[in-house]
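Asks: Can you keep this structure in mind? I'll have questions shortly.
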Amino acid sequence: LKLGKLKDASTYLKKAESLLPNNAMVNNNMGVLYLMQKDYAEAEKHLTKANKMGIDNNYNLGVIEIEKGNYDIALTKFAGVKCDYNVALAQVLIGDPSSAASNLECARKNGATYYLLAIVGAQTENEPLMYANLKKAIKAKPSYKAEAKIDREFVKFFDNDEFKAIVN
């Protein structure tokens with residue numbers, strides 16, 4: 001799983017699950033596998049089972065709550081986690097961009113982090129923050145250019161020349 005070899009991990013974890021169906025760690029790892037595959041229903045089933053067996057996997061359950069639209073519950077599950085993209089995402093989604101900005105300041109930087117910071121800039125009408133991070137996001141992942149063109153978070157800026165220059 002850590003190496004991102006999901007197919008191999010799936011083979012080994014399914015074997016482990018057949019041998020130890022009620023093992024907390026096996027269920028937790030199966031949940032993480034399904035989460036990485038974006039099969040949220042299966043992920044939740046396994047993670048909840050592991051959680052009931054004593055594994056603290058609230059963070060992963062919080063990611064599922066974001067997918068369900070339960071942002072406040074996600075933040076509860078993320079309690080104590082700082083400098084994290086998913087925490088910041090939930091904060092943006094509940095309308096707290098300033099807390100999200102604080103979390104993103106120290107979060108691992110990648111295209112998604114920069115894109116979310118650009119959204120924070122748009123929501124707070126901090127154009128320098130928005131433009132700087134939108135440029136970084138597109139540099140890290142060029143597909144953000146097309147996404148930003150239609151992202152309603154940037155609707156106020158669609159006719160802005162600087163915005164157009166970045167996304168066209």
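The values are calculated or read from the model by the stated rules, or taken from the named source; none is laboratory data. These numbers were taken from a predicted model, which means no experiment stands behind them. Note: ideal-geometry Cβ built from the backbone for every residue, glycine included; neighbour counts use all protein chains shown. Protein only, heavy atoms only, side chains kept; ligands, DNA and RNA dropped before computing areas. Shrake-Rupley method; radii C 1.70, N 1.55, O 1.52, S 1.80 Å.
Asks: How high is the relative contact order of segment 1-116, in percent, with contacts defined as C-alpha pairs under 8 Å that are six or more residues apart?
Replies: Computed value for segment 1-116: 15 percent relative contact order.
Asks: With a 1.4 Å probe and all protein chains kept in place, how much accessible area does Ser143 have, in Å² rounded to the nearest 10?
Replies: Ser143 exposes around 70 Å² with every protein chain in place.
Asks: Quick one: among Asn57, Asn86, Asn22, which has the greatest mean-square fluctuation in a GNM of the chain with alpha-carbon springs under 10 angstrom?
Replies: Asn22
Asks: For the chain, modelled as a GNM with alpha-carbon contacts under 10 angstrom, which of Lys109, Lys14, Lys77 fluctuates the most?
Replies: For the chain, modelled as a Gaussian network with Cα springs under 10 Å, the answer is Lys14.
Asks: Want the number for Asp159 to Asp8: 0.36 nm per residue separation, take away the alpha-carbon distance, what's left?
Replies: 49.6 nm
Asks: Simple spin-label model, 7 Å along Cα-to-Cβ: Ala79 to Glu42 in nm?
Replies: 3.1
Asks: Then there's this: Can you compute the helix-only [θ] at 222 nm over the chain? Use -39500 (n - 2.57) per DSSP H run of at least 4 residues, normalise by all residues, nearest 500 deg cm²/dmol.
Replies: -21000 deg cm²/dmol
Asks: Report, in listed order, any pair from Lys68/Lys136; Lys45/Lys139; Lys82/Lys135 with a Cα-Cα distance greater than 27 Å.
Replies: Check vs 27 Å cut-off fails for Lys68/Lys136; Lys45/Lys139.
Asks: Further question on the same structure: What full-extension length gain, to one decimal in nm, is calculated for Asn22 and Cys106 as 0.36 nm per residue of separation minus the Cα-Cα distance?
Replies: Once the chain is fully extended between Asn22 and Cys106, it gains 26.5 nm.
Asks: Further question on the same structure: What value in Å³ per residue do you get for the convex hull of the alpha-carbon atoms in the chain?
Replies: 117
Asks: Segment 72-109 to segment 112-148: how many Å between their Cα centroids?
Replies: Measuring centre to centre over Cα atoms gives 17 Å.
Asks: Of the residues Tyr71, Tyr12, Tyr34, which exhibits the maximal mean-square fluctuation in a Gaussian network model of the chain defined by a 10 Å Cα contact cut-off?
Replies: Tyr12
Asks: Still on this model: Compute the accessible area per residue over the chain, keeping the other protein chains in place, probe 1.4 Å, unit Å².
Replies: Averaged over the residues of the chain, the accessible area is 57 Å².
Asks: Counting only protein heavy atoms, what percent of the accessible surface of segment 83-168 is carbon or sulfur at a 1.4 Å probe?
Replies: Carbon-and-sulfur percentage of accessible area, whole number: 51.
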